[in-house]
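Peer 1: Provided herewith is a single structure, encoded as structure tokens, for subsequent inquiry.
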């Protein structure tokens, strides 16, 4: 065929195609506009179903030369274009269109074949993901709550993984289905006995307590029923009390330290005046008798504690904080992160003594806290800030940190646990993002290398950052898997 | 195609995101190229750009007294009709529906009342159906159902599968197959699975396929996604703390 004739034919075909498409899209736009006017949003059926099949182009397309312009009809509404995008995004192979009836049940052989099939890919972290941390200077151990597969891992306090070493093995590990550990986020060690208190953040509403020699998949010596979403833990050794933060309830709940089973708390700090909002870490200043609570910033309203507690619906407990099941609809609030300070024996709906909050604070998911009473300093594991920020215990308002530990030399990477060894004047940081626990002098500042490192994985091993993985979805535009943690 | 100890290609995290720990749900909207996340402390629905990365603020936030949101821990998207579906939690046996493009303190445009605590919601925008999980059942409603509507069908998992609970799900718009995470018993036994049913099923019906179990690998199944292009089902498991991809063309 002559080139000009071909071009004319092609042009004519283009026009025909354009006319057909304009007609189709015009109809579609009218339908969609009609739907837009009808705020009852009733579906306007287009035939039987809304997405129809389309023909796959042959693998070998005939070569088409000539200028091709992207056609954009003036009448095409964003909605109709979006629908086309959606169809493309679905990436469906050609079919005869959505079926109107259920397909037949497969054979038993086919079912068995699918049921026993192994995954073709598995994204998982084979190494411990360090989350919460406690140090036992008396027994020279460091105890780390790891969130990857929910263990407590115990290392020698002076372990220092050489740069050339693959990793350091713990002295012992506690975990398994007998241990009542799930999503282990925080840990406390009793200085007198060496007992280890593990905190489960989600799905497991028990706080297990293990003897110092426990190892493996063991039953805890005792366990205490706690409200859902317990996160932070600190003990007041003078009063023999255990103080816990509850995310769901925006509260601090206090038990006797030896409480077990369904024992009642001795007091609760909860209510509007407390300004607690998604509390995480908690620390005790034994010199000034104050407690510090790190808040991520979101909360909601519910009846006052004075009207009675009433735990969450999973385990009705009138002696627990007012649960989420009693929250008022639409009452959510968003505030900047904060550290709220109270007298250590505060209870009920008590306002904080001080509030550290504002842009100068550099707080970015402040997750764990610890206090050095003699230095009069609060240390904050600033998760997404990849930093440790330090404040004076007397700080109030929009205060800037007095020191910041941050930078590539520090290996501080998504820190979620922090503690101080007062005997040896060392600051310990658990870094969820780098499989590392890092040890610094308490006065460390800036981009400084840690004095010791415990690594659970080879240097540079990526962390999938999975922790209590929930929903998964597929970003079809970027061919990425999205996971909510 | 991530595998093993893969580093995330991007992370949406940090103070500006308004997230808390353990976001229980999220959904990608392929039409609008957006991600929606329910925030169960702030009683909010946060919508982000599809390519969001880092410590970024949401594009839009549905939040306030008119929304009636209460502990929203789940959300599903109807990308064709541009709607968000939010199941209630615990004593709140409702499904609230919002325009996906809404912002601020807006009332739900529909409220579906169901006869049990809703687990999660799946949308079939092709057949105009809403599937609500919860307990050992999948309740199937018209997409536009409102008030105390009668389900078009109720799929009940046979007792032979044990003490089952249905959770997160996706629906294949091509053939109306439902892929739903089914928990069985505790969190340490490999008893869970992803069950596959049809939206046309009704009554006590065994799954057409079970993926990842029971008795194979899944211990505490959570999220389910479907990859239509590769005919794969992608699953998250809390106990394994893993993302697993099963290639199951038979189930597509």
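Coordinate-derived values only; no laboratory data. On a predicted model such as this, the values are computed, not experimentally measured, just so you know. All Cβ positions, even for glycine, are placed from backbone atoms using ideal geometry, and neighbour counts span all protein chains on display.
Peer 1: By the gyration tensor of its Cα atoms, with a ≥ b ≥ c the square roots of the eigenvalues, what is the shape of chain B: rounded for a/c under 1.5, prolate for a/b over b/c, or oblate?
Peer 2: Oblate, since a/c reaches 1.5 and b/c is not below a/b.
Peer 1: Using 1/(1 + (r/R0)^6) with R0 = 41 angstrom and r between the beta carbons of residue A:116 and residue A:392, what's the FRET efficiency to the nearest 0.05?
Peer 2: Working: r = 61 Å, r/R0 = 1.49.
According to the calculation, E is roughly 0.10.
Peer 1: Taking a ≥ b ≥ c as the square roots of the Cα gyration tensor eigenvalues, with a/c under 1.5 meaning rounded and otherwise prolate when a/b beats b/c, else oblate, which class fits the range B:104-252?
Peer 2: prolate
Peer 1: Dividing the Cα convex hull volume of the range A:150-293 by residue count, how many Å³ per residue is that?
Peer 2: Here the figure is 137 Å³ per residue.
Peer 1: Here is a follow-up. To make sure I understand, if each residue's beta carbon is the centre and we count other beta carbons within 10 Å, what order do B:200, B:84 fall in, fewest to most?
Peer 2: B:200, B:84
Peer 1: Can you give the alpha-carbon Rg of the range A:422-485 over 2.2 N^0.38 Å, where N counts its residues? Display every interim value, and only then the final one.
Peer 2: Numbers: Rg = 17.0 Å, N = 64, 2.2 N^0.38 = 10.7 Å.
Compared with the compact-globule rule of thumb, the range A:422-485 sits at 1.59.
Peer 1: Grab the eigenvalues of the alpha-carbon gyration tensor for the range B:27-86, scale each by 5, take roots, and send me the semi-axes largest first in whole angstrom.
Peer 2: Equivalent ellipsoid semi-axes, largest first: 18, 15, 9 Å.
Peer 1: Given only helices, namely DSSP H runs of n ≥ 4 each adding -39500 (n - 2.57), what is the per-residue ellipticity at 222 nm of the protein assembly as shown, to the nearest 500 deg cm²/dmol?
Peer 2: -2500 deg cm²/dmol
Peer 1: Other chains near B:228-238: what is the mean number of their Cβ atoms within 10 Å of each residue's Cβ?
Peer 2: 6
Peer 1: A further question follows. Compute the orientation-averaged projected area for the range B:15-138 from the convex hull of its Cα atoms and round it to one decimal in nm².
Peer 2: With every direction weighted equally, the projected area is 7.4 nm².
Peer 1: I need to check one value: relative contact order of chain B, counting alpha carbon pairs closer than 8 Å and at least 6 residues apart, in percent.
Peer 2: 10 percent
Peer 1: Provide the packing ranking of B:138-144, A:207-213, i.e. peptides ordered by the mean count of other C-beta atoms within 10 Å per residue, highest first.
Peer 2: With the highest mean Cβ count within 10 Å placed first, the list reads B:138-144, A:207-213.
Peer 1: Same structure again: For the protein assembly as shown, what is the percent of antiparallel DSSP beta bridges, rounded to the nearest 5? Could you put the intermediate results ahead of the total?
Peer 2: Numbers: 164 of 175 bridges.
Here the share of antiparallel DSSP bridges comes out near 95 percent.
Peer 1: In what sequence, highest mean first, do A:218-224, A:196-202, B:43-49 appear when ranked by Cβ atoms within 10 angstrom? Could the numbers behind the result be given before it?
Peer 2: On the way: A:218-224: 17.9, A:196-202: 25.0, B:43-49: 22.7.
In descending order of packing, they fall as A:196-202, B:43-49, A:218-224.
Peer 1: Further question: From Cα pairs below 8 angstrom and at least 6 apart in sequence, can you work out the relative contact order of the range A:156-286, rounded to a whole percent?
Peer 2: Relative contact order comes out at 17 percent.
Peer 1: Testing the spin-label approximation: label points 7 Å from Cα along Cα→Cβ at residue B:7 and residue A:178. State their distance in nm.
Peer 2: Rounded to a tenth, the inter-label distance reads 4.0 nm.
Peer 1: Taking each residue in A:175-183, count the Cβ atoms of any other chain within 10 Å of its Cβ, then average. What number comes out?
Peer 2: Neighbouring Cβ atoms belonging to other protein chains average 2 per residue here.
Peer 1: Just checking the output field for A:226-232: average partner chain Cβ neighbours within 10 Å of each residue's Cβ?
Peer 2: 1
Peer 1: Oh, and also: Would you mind pulling out the separation of the Cα centroids of the range A:297-370 and the range B:157-213, in Å?
Peer 2: After rounding, the separation between the Cα centres reads 38 Å.
Peer 1: Let me ask you something else. For a protection proxy built on the mean count of beta-carbon atoms within 10 angstrom, sort A:101-114, A:396-409, A:140-153 highest first, please.
Peer 2: Answer by packing, highest mean first, reads A:140-153, A:396-409, A:101-114.
Peer 1: Another question, then. What are the principal axis extents of the Cα atoms in the protein assembly as shown, in Å, biggest first?
Peer 2: 92, 57, 54
Peer 1: Sort the range A:237-391 into rounded, prolate or oblate with this rule: let a ≥ b ≥ c be the square roots of the eigenvalues of the Cα gyration tensor; rounded if a/c is under 1.5, and if a/c is not under 1.5, prolate when a/b is larger than b/c, oblate otherwise. Don't skip to the answer; put the middle values down first.
Peer 2: Details: a/c = 1.98, a/b = 1.25, b/c = 1.59.
Because a/c hits 1.5 or more and a/b fails to exceed b/c, the range A:237-391 counts as oblate.
Peer 1: Another one. Provide Rg over Rh for the range A:379-433; use the alpha carbon set for both Rg and the Kirkwood Rh (inverse mean inverse pair distance).
Peer 2: With Rg and the Kirkwood Rh in hand, the quotient comes to 0.98.
Peer 1: Let me ask you something else. For labels at residue A:239 and residue B:103 in the simple 7 Å Cα→Cβ model, what's the distance in nm?
Peer 2: 4.7 nm
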